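The values are calculated or read from the model by the stated rules, or taken from the named source; none is laboratory data. The model shown is predicted, which means the values in this text are computed figures rather than measured ones. A quick note on method: Cβ atoms are made from the backbone with ideal geometry, for glycine too, and the neighbour counts reach across all protein chains shown.
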Amino acid sequence: MIKFFIFTLLYFFCSVSVFAQAAVETESIKLFVKKIIDTSGNKKISEDDQERIYDKTVQIINNVSIAYIGFSNFLVIPKFTIINVQQTDAGIQKLFSAKCEYLITINRVVIGDAGGATFKSFRMIVNGSGYSKDEAIRSAIDNLPIDDPLIADFLTKAKIDILNFYKNDKNCQNVLKEAEQAYKLRLYDYAIALLFSIPNSSPCFKKASDLSVSAYDRWLDVECQKNIISAKAYIAQKDYSKAITYLLGVEPTSENCFEEAKLLIKSMADKINQKDKMEWEEKISSKKAASDIEKEKLKNMQTININYSGMPGSIK
């Protein structure tokens, strides 16, 4: 399965009060970075070297401070091409030099009526050397600069274009409709992750923020029921230590489900150890302020956004 990572600024909040705090943050973009590197036209590049290219791309994007880990419908595709590898006979030991091209392309994924498109691309030549061809290529990868001003300028311009894309109400509504459809299909994690891609300057941001809260609440109920089902299965097997592990994962804010969890705990109160009992008692007795609950929601939604790895559409 192709894994994807995305970069996002923490500007999307799960309540009106928390959303207001986002306005003081510097608005940013989110980039969905492809894990599998495009090496077409090359001899096979090892998985380790592909990982190095991916890591360098992560560092490059993070270095300009306009993005964090997250999910977006804008896809970054790194491509690494070996132009040539030459051998020099100078000195006692043979030395190889590699000339390579590094290309970053930012594509928009197809969402609703909004077709896919290439937003921006950037290319640069990198060189490396080593005592073998592989070492020379690896050296070129390691020499990719993470603080190159031309790359920073490229990403800054990409940010402006992407923000302008969302400021177009039709584009914003297309993304919102995709999230609404995911919500109807009970794909709550996808809905939350996609809603996080809508910047707070967008005309549909308020609707997106409201829907994200509802999607999170539904997602919480689903996850809670999964924990309850697993706990019941282990109780039936008389494996109470594993059962309590799942019940401790039930969030108190999922009220109906949490009540069921309390009943299950009560039913096996004499079968669980003191440490687990104390942890459970602490969980049910802790009273959180409304602001703390909202912050916890935000943190959990960010975790969903970071961990979501599904592909929201296709590239044309």
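Yes/no per residue for (1) under 30 Å from residue 268 (Cα atoms); (2) among the basic types (Lys, Arg):
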site	(1), (2)
197	no, no
201	no, no
204	no, no
207	no, yes
210	no, no
224	yes, no
228	yes, no
234	yes, no
240	yes, no
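Would you confirm whether any residue within region 201-213 is surrounded by fewer than 20 Cβ atoms within 10 Å (Cβ to Cβ), polar (S, T, N, Q) and not in a helix (DSSP H, G or I)? Yes, region 201-213 contains at least one residue that is surrounded by fewer than 20 Cβ atoms within 10 Å (Cβ to Cβ), polar (S, T, N, Q) and not in a helix (DSSP H, G or I). Within region 224-235, residues that are under 23 Å from residue 188 (Cα atoms) reach partners that are among the aromatic types (Phe, Trp, Tyr) and part of a helix (DSSP H, G or I) with beta carbons closer than 9 Å, at six or more positions or on different chains, in the pairs 224/258; 226/246; 227/246; 228/246; 229/246; 230/246; 231/246. Can you find a residue in region 201-213 that is at pLDDT below 85, under 24 Å from residue 187 (Cβ atoms) and touching a Ser or Thr at 6+ places or on another chain (Cβ under 9 Å)? No, that holds for no residue. Going by the conditions given, is residue 240 surrounded by fewer than 22 Cβ atoms within 10 Å (Cβ to Cβ), out of contact with any Asp or Glu (no Cβ under 8 Å at 6 or more places or on another chain), under 27 Å from residue 293 (Cα atoms) and of a type outside the set (A, V, I, L, M)? It is false that residue 240 is surrounded by fewer than 22 Cβ atoms within 10 Å (Cβ to Cβ), out of contact with any Asp or Glu (no Cβ under 8 Å at 6 or more places or on another chain), under 27 Å from residue 293 (Cα atoms) and of a type outside the set (A, V, I, L, M). Only a single item in (1) modelled with pLDDT under 85; (2) surrounded by fewer than 18 Cβ atoms within 10 Å (Cβ to Cβ) is not met by residue 230, and it is number (1). What's the number of the condition residue 180 fails, among (1) over 22 Å from residue 55 (Cβ atoms); (2) part of a loop (DSSP other than H, G, I, E, B)? The single condition residue 180 does not satisfy is (2).
For residue 191, are the conditions met, namely being surrounded by 15 or more Cβ atoms within 10 Å (Cβ to Cβ) and outside any strand (DSSP E or B)? The answer is yes for residue 191. Exactly one residue among 117, 182, 191 is closer than 30 Å to residue 47 by Cα and aliphatic (A, V, I, L, M), and that residue is 117. Close contacts from region 270-286, counting a first residue that is surrounded by 11 or more Cβ atoms within 10 Å (Cβ to Cβ) and a second that is modelled with pLDDT of 85 or more and part of a loop (DSSP other than H, G, I, E, B), with Cβ to Cβ under 7 Å and a gap of 6+ residues or different chains, come to 279/248; 280/248; 283/248.
Quick check on my filter: what residues within region 65-93 are at pLDDT 85 or above and of a type in the set (D, E, K, R)? Matches in region 65-93: 79 only.
With respect to the conditions (1) modelled with pLDDT of 90 or more; (2) of a type outside the set (D, E, K, R); (3) closer than 20 Å to residue 32 by Cβ, residue 162 lacks only one, and its number is (1). Residues that are among the charged types (D, E, K, R) and part of a helix (DSSP H, G or I) within region 45-86 comprise 47, 48, 49, 51, 52, 55, 56, listed in sequence order.
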